[in-house]
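The values are calculated or read from the model by the stated rules, or taken from the named source; none is laboratory data. Treat the numbers as computed from the prediction; the structure is a model and nothing was measured. A quick note on method: Cβ atoms are made from the backbone with ideal geometry, for glycine too, and the neighbour counts reach across all protein chains shown.
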Amino acid sequence: MSASLAVNGLVKRFGGLLATDNLSFRIEPGESVGLIGPNGAGKTTVFSQIMGEHRQTSGTISLDGEEISRFSTPARIRKGVSRTYQVPRPFTGLTVADNISVGHMPDSVWEMITRAGDRDREVELALSVGFAEEDLGRTPAELSMGNLRKLEMARTLATGPRLMLLDEVFAGLTAAEISVIGELVQSLRAEGMTFLIVSHDLKALEPLIDRAIAIDRGAMVAEGPYLDVIENPQVRASYLGAA
Ligand SMILES: Nc1ncnc2c1ncn2[C@@H]1O[C@H](COP(=O)(O)OP(=O)(O)OP(=O)(O)O)[C@@H](O)[C@H]1O
Ligand SMILES: [Mg+2]
């Protein structure tokens, strides 16, 4: 189930802006790593490049030792990479259950036939991320931010990932909702899922990660145990600089 990720010399330019500046890091199978940095540091842009939504200017991205940085996004999803979005992106016209089922796009007609009418999996996924039965028929407009973030998690899980990239999954949540998502991450970690997690909520992030990577202006500032990273003078200065 676990996947390893290697990012090597990644560079992303948006016109004159260097959004990713020669970034290199590795995540071992089953590891959970926090990616932190001030607003605009380039965290989401790293995710977009790992997913293939933005093509890197240069550098490589490898999954389990295989370079995936020229693959299409659907090909990367089939390899087991998935992400959630900082701003939840449900299909507004679909119910919770249907949003989860379209997260899993069948690769073949055979799969479509064998899966036809198989709603148990969607229901199971929805319940596993903390939805109540009565939420399954609701549309996104009727959901709280906590439920929208649960839906992001369920849609991501529906693709059968081995590496999950979580972008600000705690933003806008109550303490109770944070603990539901946190427990879900912990149970997936116990099953061997590999994680890269972006969060401004460091208190929620800390128990979920094995180590942290701090970036600023697209470049690595510090990498290592969480406490060492957040106490690093350069990391502290980068957060203050952004305030
Ligand atoms: N599609 C784009 N076109 C041009 N510039 C972009 C694009 N996407 C991001 N940027 C710029 O790249 C930089 C990094 O943005 P990014 O969204 O990756 O930061 P972030 O660390 O996720 O910030 P936040 O904590 O606010 O979510 C910012 O200066 C941003 O304005
Ligand atoms: Mg972001």
What are the residue pairs meeting all of these: first residue in region 52-81, first residue in contact (Cβ under 8 Å) with a residue 60 or more places away in the chain, second residue assigned to a helix (DSSP H, G or I), Cβ atoms under 7 Å, and 6 or more apart or on different chains? 63/79; 81/50; 81/51
Residue 78 passes all but one of the listed conditions (1) at pLDDT 90 or above; (2) over 30 Å from residue 10 (Cβ atoms); the exception is number (2)
Quick check: anything in region 193-214 in contact with an Asp or Glu (Cβ under 8 Å, 6 or more places away or on another chain), crowded, with 17+ Cβ neighbours inside 10 Å and over 13 Å from residue 32 (Cβ atoms)? yes
I need a count of the residues in region 183-208 that are away from ligand 2 (no atom under 16 Å from the Cβ) and either charged (D, E, K, R) or out of contact with any helix residue (DSSP H, G or I) (no Cβ under 6 Å at 6 or more places or on another chain) (or both). 15
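Residues checked against (1) within 16 Å of ligand 1 (Cβ to nearest atom); (2) touching a Ser or Thr at 6+ places or on another chain (Cβ under 7 Å); (3) aromatic (Phe, Trp, Tyr):
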site	(1), (2), (3)
39	yes, no, no
52	yes, yes, no
56	yes, yes, no
62	no, no, no
88	yes, no, no
96	no, no, no
Keeping to region 125-172, report how many residues are in a loop (DSSP other than H, G, I, E, B) and within 16 Å of ligand 2 (Cβ to nearest atom). 5
Residue count for region 86-141, restricted to those that are at pLDDT 80 or above and on the phi > 0 side of the Ramachandran plot: 1
Output for region 15-51, where each listed residue is among the hydrophobic types (A, V, I, L, M, F, W, C) and without any contact (Cβ under 8 Å) to a residue 12 or more places away in the chain: 17
Quick one: would you say residue 78 is away from ligand 2 (no atom under 16 Å from the Cβ), more than 13 Å from residue 163 (Cα to Cα) and surrounded by fewer than 17 Cβ atoms within 10 Å (Cβ to Cβ)? no
Criterion first (of a type in the set (Asp, Glu), under 24 Å from residue 49 (Cα atoms), touching a helix residue (DSSP H, G or I) at 6+ places or on another chain (Cβ under 9 Å) and surrounded by 14 or more Cβ atoms within 10 Å (Cβ to Cβ)) does residue 223 satisfy it? yes
Considering only residues of region 70-103 that are outside any loop (DSSP other than H, G, I, E, B) and touching a strand residue (DSSP E or B) at 6+ places or on another chain (Cβ under 8 Å), which is farthest from residue 51 (Cα to Cα)? 79
